[in-house]
Structures are given as structure tokens and as C-alpha cells.
1. Filter the range D:33-91 down to the residues that are of a type in the set (Asp, Glu) and assigned to a helix (DSSP H, G or I), then identify the one that is farthest from B:Gly31 (Cα to Cα).
2. Considering each of B:Asn206, B:Asn241 in turn, give the residue that is under 20 Å from the mean Cα position of the chain (by Cα), at pLDDT below 95 and within 29 Å of B:Ile297 (Cα to Cα).
3. For the range D:179-186, state whether one or more residues are farther than 24 Å from D:His209 by Cβ and surrounded by 17 or more Cβ atoms within 10 Å (Cβ to Cβ).
4. Could you identify the single residue in C:Val100, C:Val110, C:Val136 that is in contact with a helix residue (DSSP H, G or I) (Cβ under 9 Å, 6 or more places away or on another chain), under 15 Å from C:Glu286 (Cα atoms) and not hydroxyl-bearing (Ser, Thr, Tyr)?
5. Just to verify a result, which residue in the range A:119-147, among those that are within 12 Å of chain D (Cβ to nearest Cβ) and over 21 Å from the mean Cα position of the chain (by Cα), is most open to solvent (accessible area, probe 1.4 Å)?
6. Taking only the range B:214-262 into account, find how many residues are over 30 Å from A:Gln52 (Cα atoms) and of a type in the set (S, T, N, Q).
7. Got a number for residues in the range A:243-285 being without any contact (Cβ under 8 Å) to a residue 12 or more places away in the chain and under 30 Å from A:Tyr99 (Cα atoms)?
8. I need the full set of residues from the range C:148-159 which are closer than 23 Å to B:Gly127 by Cβ and either open to solvent by less than 10 Å² (accessible area, probe 1.4 Å) or part of a helix (DSSP H, G or I) (or both), in order please.
Number of protein chains: 4
Amino acid sequence: MKAYIKEKIDNYKHQNKNRARLLINCPDQPGIVATVSKFLYDHEANIIESSQYTADPEGGEFFIRIEFECPNLKEKANQLETDFQLIANNFDMDWKFTYVFEVKKMAVFVSKEPHCLLELLWEWQSGDLMADISLVISNHEVARDMVESLGVPYYYIPANKDIREEVEQKQLQLLKKYDVDVIVLARYMQILTPKFVAQHENYIINIHHSFLPAFIGANPYERAYNRGVKLIGATSHYVTNDLDEGPIIEQDISRVDHKDNAADMKKIGQSIERSVLSRAIKWHLEDRIIVDRNKTIVF
Amino acid sequence: MKAYIKEKIDNYKHQNKNRARLLINCPDQPGIVATVSKFLYDHEANIIESSQYTADPEGGEFFIRIEFECPNLKEKANQLETDFQLIANNFDMDWKFTYVFEVKKMAVFVSKEPHCLLELLWEWQSGDLMADISLVISNHEVARDMVESLGVPYYYIPANKDIREEVEQKQLQLLKKYDVDVIVLARYMQILTPKFVAQHENYIINIHHSFLPAFIGANPYERAYNRGVKLIGATSHYVTNDLDEGPIIEQDISRVDHKDNAADMKKIGQSIERSVLSRAIKWHLEDRIIVDRNKTIVF
Amino acid sequence: MKAYIKEKIDNYKHQNKNRARLLINCPDQPGIVATVSKFLYDHEANIIESSQYTADPEGGEFFIRIEFECPNLKEKANQLETDFQLIANNFDMDWKFTYVFEVKKMAVFVSKEPHCLLELLWEWQSGDLMADISLVISNHEVARDMVESLGVPYYYIPANKDIREEVEQKQLQLLKKYDVDVIVLARYMQILTPKFVAQHENYIINIHHSFLPAFIGANPYERAYNRGVKLIGATSHYVTNDLDEGPIIEQDISRVDHKDNAADMKKIGQSIERSVLSRAIKWHLEDRIIVDRNKTIVF
Amino acid sequence: MKAYIKEKIDNYKHQNKNRARLLINCPDQPGIVATVSKFLYDHEANIIESSQYTADPEGGEFFIRIEFECPNLKEKANQLETDFQLIANNFDMDWKFTYVFEVKKMAVFVSKEPHCLLELLWEWQSGDLMADISLVISNHEVARDMVESLGVPYYYIPANKDIREEVEQKQLQLLKKYDVDVIVLARYMQILTPKFVAQHENYIINIHHSFLPAFIGANPYERAYNRGVKLIGATSHYVTNDLDEGPIIEQDISRVDHKDNAADMKKIGQSIERSVLSRAIKWHLEDRIIVDRNKTIVF
């Protein structure tokens, strides 16, 4: 990547060298917050932000996200996790620590329409999207110039439904080579195989160009036009093996009227797609999202 | 109705004694606007507001709504319509004149949840919804007090799917007795028979408590909750014999998050339903809507 | 009040007989959350919802709102507060416990325009606004019927700027008689004296019919129209002695265009005023708001 | 400019070789629409879109925008305008024909923050903003690479308030050289002299980073933060010699809360600025805006 972008990322890593997040879900019971906050206090961590949610106040699942500062975090991270395991066992917790200085490595998949990709690149190079955009993979060549001009490798892998597995083999090699943490489908119009999806559970983020569950599948703007809707929308969600049925992260809409034909709706919609995908990715990068079956909790 | 409401309506009629609207649709061709505006000018009508739309600039359907003032309109209305027939024939027009001083007579149907009805009553008594609310028909008694306190007759007609035709017989008699121009289903939870719908084409207005075409049918808030959507909505549409498939007049949405359960969504949604239905009805009362197959043009 | 409303309130009190909220602000330092959550755990309280905020991560003010369930709360409340005083002293806390079963007693002040009052009454009687609306005070008679029809006492106290203190004497007597917890100015168009305001710090809630700080003072819709704005708004805030300068609780806007004159803007604006004031009051009733100098933190 | 952009513009010109717009304002009187539409019909023009507005139905100003198709328009344009002068005289009209194939030449002024410029460039190169971006003028060098990579000349003219006239001399020469039709201040932070503004009445478009008339002048985000507002906004307006007081074209807002500091508000606001400025410019390019004293009519 370009030097000025790398410098922004390096500054961010340095500023956050002592910053981490702890995400937990477990069956609700008294004493969780008391125990976890005492643990952090005993480890000299200062809570900066904390959000919690209980799915059902009468004995449901408990979720919490805590962001904290801890001196000498890099040296202490291992011990922190080891010590926390005891608490986790007592409360039957799913949990993870994430470290803000470990900036996530991102792969962006795109097909012919580059608007979502370009929004991400623009936010990225201006320092508003804190990720390491490691590579872009596309079944078209349209976005090559823009991507390479920012110093990001661009891989052209032609794709169609008959060569799906072969294409994914190449993609998987690249994802492995770049050690990718999150995959963004920025209007990538190929369907992924169940095997591919299963290997990246809850870190493939897609943008669908409709207000789901309306207009699942192909050509949503044409179908919205034909139905005569007065609002169109876009939805960002994690990819699962049920088409457009994965956990929804974010949605938004824009008003249209009878004067807007399908092409107008597409243009209006692209603007929504850009902002919805961008918000969803930022929340993912900030570890704000916990997936609870087919839903997301966004802290 | 109460005297202070009647007075508001009478004032409105008087203020608009020379005000009318002309709605036209016809195949597009050159000269329509020139001909119609010359016609109005020759009849001493002054155009106050005019909106037009061509479905497809290359030979599609043309739609126009003109609001105008014309001195001594009541005396001249018949002649105006007779004279206009010649133009209409030349251009193969569907057309109608409506007279603003002819305030529309409205029947409101409601079941157990009175929030939409009450919004209408409140706007009505404050002079913001210019209709003659002639009667309310309900298969429950919950709203009787509120309706009668404004001097509006309330008819309780128990209903269920086994006695549908018998129920509709009673309703039709009432609609005839009160000479009703528009029927509002303000959360009326009974399905109407095809026969009933056919007799009132494009003047039964329904509010559906979802963002159509998402969550067609029953229990949309529960289904929205189960799907984990981040926005919920409401849709007002004309009733046809395809359930929740009629021409959409207006839609709106509100943001929800993981903390909102189905009951919260219902509450949030009621607020959207109220405003969406109210806007749709006002546009209908102002003759702003032309139905074009399964869509609406809202001028 | 009417029996069916009283029944709703009584049910709510019963359901929440063990529910309380703890609001704290204090200088930030490590260990606050650990200490407070241990305190609650030791007193058998289960945290249902918790939100916190640190004004400046480097040594600023810390704010937290915790909602919890505690068995036999009514018996234990005194002991809870006594025990908490020790912690509060250690951390130099401003704090209060509020008890959900102690439904707040509300006085509504209104002048000529009843739209905000009516929204509150409607939400209240439908169970969506959980307060004890103890009385309505007005310098006009317009809203008497609606208020009394719900069984709420209505006090007509003519007012003008020359008799301000005398008027407020009468109002203060009523507020004392009804032991009022919160005062809502639902479009009450008289200015309150500094003395009156000082006696009710942070519990007089006003609705101003503009998007503050634009159009402070009188006739905001006319001034908005004259300025040619494309959006109009409303603002709900706590009343201080600087006109329209108190801490903002909530704001919202609606789109207008060149066709809307000042009267249209007023109508559109009334709808915003209704929803903005209603949201602000609900947050206040749920003890979600902490005032920090001239700002609010809304949890 | 780059070849692929030029190709898009050339296609657009060709597709619109017979498309024009007629904008009129004049004192309201009967017969305007009839006369104008007859004129167009007699000249073989087919009306595609027409919007009108009367400032005050009782004898106010009348405004109309008509978009039409006319065969062999380029040959007939002169005659059209000559013939129309007779009508214009009769009705005391301000009027102009604009030709869609005459794509407007635009200069963009920018200072240090490139987000608005980049939004315009992105929409432009993707064909969504139909203008000829002839040059960019800046008092900083930050945006040079991006601008030049699209083949647009970039002029660096250092500026400060002490050398204002000298700077404007250079700018005026460039504007003349490129024969510019519209000037966009895409976050250009220098104040223009009254002389400069007077020479470009109603075609300098600015973006102000607040919801005007709130926070006129410098540092609006900081002042918004200090006031504790719950919504921030942006305003696009024509530049006049009253700072931030020119006719407003478009405004929009976004929600903020107590967690957002001034820097967060700035980031959130940049996204609003981008879309508001972009919409305002498009309406200007499509000749949808008529300035009526200190207001705009946007058709």
C-alpha cells in the first residue's frame, strides 16, 4: 500500500498499543459483570466502554462487549487470556479478546460495479476505515487501476458457475497467503460454495441491494420498480449458505417515487449500498458485532 | 359530528367554492398540455398547481393533475365537463373533474387496535384531514367512546371468516346509506371478499404493518423480529384481491436494534402506521393519486 | 384518572416491584464498575441493563446507568441506599437510586395549541407513557374537555407577563398539592421566572418548535420560511434561565420545500414536536438522562 | 480529461441533441401555461417534464420549468428564442432556454479537506454528474494527484486574506480562459470579495458544514459539540455577500449523541456534506433551480 496510508495505520497501532476488547456471551446469571470487572481491575485494565444485552431477562443469553486500556498490554496479553479461562469456565462463556493494535487484514471481492469498493478505498486512504486492505479479487478488470494506484494488489480471477470450485481454490490460496481476517463482498456477483462459506463463518460480509427480506435474489431494483415501492434499500449481512438469509448487520433506505425508473433506482440505491456496507464493515472491524444464531447484536 | 368540526368543514367548502381538479391519463402525444391549458383559459380557469408525468418518454402513457380556480364554478361545472368531452375524445383520455367543495365522505373500518383510527380522528377534529367522517364500522367495541364523543356514528358488526358475506351485506347497506366515497381500513383485520373489493376499486385504503413486499400477511412484527431486521416499516396501499399486493401509496420505516423485541417493534411500528396511513389518505382526499395498473402516481 | 388507565399503571407497578435504577457520575478512576457491580451482586441485585460513558478517556467524568432486579426491593431499598453511601464517598459520586414502581407524577402546562398535550394523553391512556398525569395547567380553556374526559384535573390560570409571579404562586401551590416530579411544557407560551426555574432544576421539559440553536425565540416557523430552509425541526430540552439554551434532550427534523408556506411548516412541524417531546419525556421517565452542565447524556 | 470520461460526456450530448429546458418567472396571470404550451406545440416541441409554482395564489409571482424535445433543435434554437421574445414581452417574463447538449463547464475550488471534491470527481468519472469539470483551483496541494489522475488541470494558488484581490485576479483569468459556467466551493475556506461574488451571481455554489442558520461562520462542528445538539447538518447554498446567508439549495442532517466528540461530528458531517453538495450541484446542472430573492425554488 501507499506510504501515506501505511503511516496512518502505523500511527493507529501505536496509539492503541494498550487497547483491547473483550467479547463474551454466556447463559445469564448473577455476578457476571461483578466478576469480569473485578478481573479487569485486578489486571490493571481500565474500562473505556462497556455495552451489554440480555436476550431475555428471565434466564436468557447474556452478551457483553468491554473495551479497555491496560498498561504493557502486549506483554500481558497471554497471561490475561490464560487467567480469564478460569472465569470463562465458571460461567460457561464463549469469549475472545481482540487487540486494537492488531489491525485486521481484509480482502475485498468485487465484480463489475465498483461503487462499494471505491467507497471503501476512499474511506481507507483517508484514515476512516482502519483495516489492512491486503488484496482485491475480481472476476473483472474494471477496478484494477484504482486499486493498484493505492498500492493494493489486484487479482483477476475469471469466474462463472461452472468453474466455481476451481475459482475458489485460487481465492483460498490468496486468502491464505495474505492471512486474511475478513472478506468483504463489495458487489461480488458470484455465489460461493457451502464449503467456502463454512470456512469463513461470520467474517464474510456481503451487501445486498435490497431491503431484505424483500427482493431476495437477483435484480432487486427491477423488481422494486415493478412492484411500485416508495422506498428502496440495501442490506449488509454475514454470508451463510442460505442466499441472502444471513444475519443482518445494517440496513438503510432512500425514498423514490413514480418518476424513478429501474435505472434511477439503481443509482439511488448505489449510494445507500455504499454507506450501509461501510458502516457494517466498521462495526465488524471494531468488534462491535456478536452473531446470535441468525441475528446480530451490534454494540 | 360535533359542531366545531362541522364549522371547519363548512368554512373549507366556502373557501374552495371555485376550486377544482382535473385528472387525466391518455397515450402521450404532442399538444396535450397546449390543448388542455387553452381549454381552461377559455373557460376562465386559472391554473394553481399542475403536475405531469410520462411513463415512458418514447410513446408511453401521459398523466396530468391540474388544480384550478374558476369563478362561479358551481354554475359552470356541468358545462365544463360537457365541453371537455370533445377534447377527451380527441386524445383518448381517461379523465375526471373533482370539486374541492365536495368534501369526501369517509367510512373507517377498525378492529381491536385503535391507534390509526385515533390519529385520523385527531387530525380530523383539528382540521388537518379534510373529509366528512360519516361512520366507523368495527368488529369490536373498543373505540366506541372515542368515536361517539366526536359525534360520529359507530356501528358494531361482529365478524369472522365464516359469516363474511353476511357481515359485508350489513356493511354495504351502511356504505350506501351514508353514500361513502372512500373506505379506510385502519387496522381492520378481516379479509374482504372479492365481490366487496370489486365494488370499490381504488378507493379502499389499507395500512399494512410491514414494509411491503417484506412480510406479506399475518404477524409481520414477529416475523421481522425473528428475521433480525434493523428497520421496520409500514405500507399504505389500495386494496385489491391479491392480499397486500395492491398499488402502494406510501411507505415509511423506523430504525430498531437487537434490544427491541417483537412487542417493542409493534409499538414503534404503530407510530409509523399512524403517519403513513394519514399521509396516504390526505393524498387521496386531495385527488393526488392516479392508479396505473399495480402502481400509483402521487402528484 | 379513568379506571382503565389506573389499572394499567397499577399493573406496571406490580410487575416492576423489584426493579430499580442506579445513576452515578463521578471522576473517572479504575475500579468503579468492579466496585459497583460487586455491591449489587452482594445485595442480590441482577443487572438487567447497563450503559456507561466517560467524557474524556484521559481523566474525565464518568457516568453510568444501571437497571437491576432485586428480590424484596421495597423492604431492602433503605438499606441499599445506606450501604451505597460508603462506596459513593470513596469515589466522590453524585448518585441516586430510582424505583420503577414509583411512577412519576407529571404536570403538563399548555397554552392554545393542544397537539403536544394530546399526543401525551393518547400515549398515556394507551399505556405507552408510564407516568401519573396528575394535572394539566393552562392559560386557556381549549383543552379542558379532552383532559377531563380522561379524568385528569384541569386548572385554568390566566397568565400574562404582568402577573407572572402571582400566576406562578398558584401554579406552585398546585405542584405542591399534587407532589409533582416532572413538569412538561407542552407548548406553554409563557416565560417562567428564574425563581420558578431554579426550584425545578432539570425536571422542567420544554418543546421548542425549531431546530435549536437555529431560530431561538418567537415565531420560528415564520423565520424558517423567510430564511428559505429546506428542513424544519423541533427540540426538546430542560428549561434553564437562558431562553431556549437549556440542555438538549432530543431533536428531529422534517423536509420542506418551496411550496410550503409558514402555515404548512407549522403543520408539518407540529408532527415533529409531538414525537420529539414524547421521546424526551419517555427517556426522562425511564431515568435515562443525566445532565452534564449544558448537555445531556441519554443512555 | 481522461478519454473514458470524455466518451461518456459525448454520448450524453448526442443523446440529448434535441433536448432543452425553458425557465420562466413572471407575475401570475391567466393564460401563461396555455400560451407557452401552445408556443412549444407550434414549434414541434414535445413537453417531457413540467413543474410550476405560484408564490402566492392571489396575484404573486409565477415560476415554471419545462423540459422538452424538439427535432433539429440545434438548427432551430435561435429562431425559438427570437420567437419567444414576443410572448415574454407580453407577460413581462424573465426567461431562459438552456440546451441539455451544452454541458456546463465547472470549476471546483478546494482547500485542505478533499472529501467533497473527491465525491464530485467520483460521481463525475462514473457518469453520474454530467458536467465538464474544466479545472480545480486550490490554495493547497493536497488534492493534486487525484485531480490530475483524471486528466483535470490543477491550479495551485496560495491564498490568504491579505492578498485576496491578487489571488482573485489569477482565479478570474482562469475562469475566463476556461469559460466556466458554474463555480463550486467544495470546502474552499477563503472568503470571496464582493466584487468576485457580484460577477458570478447565482452560480457559485458553496457547502457549509452546518445546518444553517445554526452555526453560521467558523468551526461549526466544535460549536455544535459545545451546544450539545443531537443532530448535525450541512447546507449547500448560492454564495452572496452575506456570509452563509445566500439562498439555500439543499440541507440534510445526521444523528449524533453524547459519545460523539467534535472530531467524530466532523467525520459524520463530512458524509453529509458530500451528499448535500452533490445533490445541489446536480439540480443546478439540470437547471432545476430558480432563485427568488433569498430563496430557491427547486423543481
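The values are calculated or read from the model by the stated rules, or taken from the named source; none is laboratory data. Just so it is clear, the structure is predicted and the values come from calculations on it, not from any experiment. Here the Cβ is made from the backbone with ideal geometry for all residues, glycine too, and neighbour counts use every protein chain on show. To get the accessible areas, we keep the full protein, side chains included, count just its heavy atoms, and leave off ligands, DNA and RNA. Shrake-Rupley method; radii C 1.70, N 1.55, O 1.52, S 1.80 Å.
1. As a first pass, look at the range D:33-91 and keep what is of a type in the set (Asp, Glu): D:42, D:44, D:49, D:56, D:58, D:61, D:67, D:69, D:75, D:81, D:83.
After this cut, where a residue has to be assigned to a helix (DSSP H, G or I) as well, the list is D:42, D:75, D:81, D:83.
Numbers: D:Asp42: 9, D:Glu75: 22, D:Glu81: 20, D:Asp83: 18 Å.
Looking at residues that are of a type in the set (Asp, Glu) and assigned to a helix (DSSP H, G or I), I get D:Glu75.
2. On the way: B:Asn206 fails: at pLDDT below 95.
Going through B:Asn206, B:Asn241 in turn, just one is under 20 Å from the mean Cα position of the chain (by Cα), at pLDDT below 95 and within 29 Å of B:Ile297 (Cα to Cα): B:Asn241.
3. The initial filter retains those residues of the range D:179-186 that are farther than 24 Å from D:His209 by Cβ, namely D:179-181.
Applying the additional criterion that residues be surrounded by 17 or more Cβ atoms within 10 Å (Cβ to Cβ) yields D:180-181.
Yes: the range D:179-186 contains one or more residues that are farther than 24 Å from D:His209 by Cβ and surrounded by 17 or more Cβ atoms within 10 Å (Cβ to Cβ).
4. Working: C:Val110 fails: under 15 Å from C:Glu286 (Cα atoms); C:Val136 fails: under 15 Å from C:Glu286 (Cα atoms).
That would be C:Val100, the only listed residue that is in contact with a helix residue (DSSP H, G or I) (Cβ under 9 Å, 6 or more places away or on another chain), under 15 Å from C:Glu286 (Cα atoms) and not hydroxyl-bearing (Ser, Thr, Tyr).
5. A:Asp145
6. Matching residues across the range B:214-262 total 5.
7. Number satisfying all stated conditions: 0.
8. Within the range C:148-159, C:Glu148, C:Ser149 qualify.
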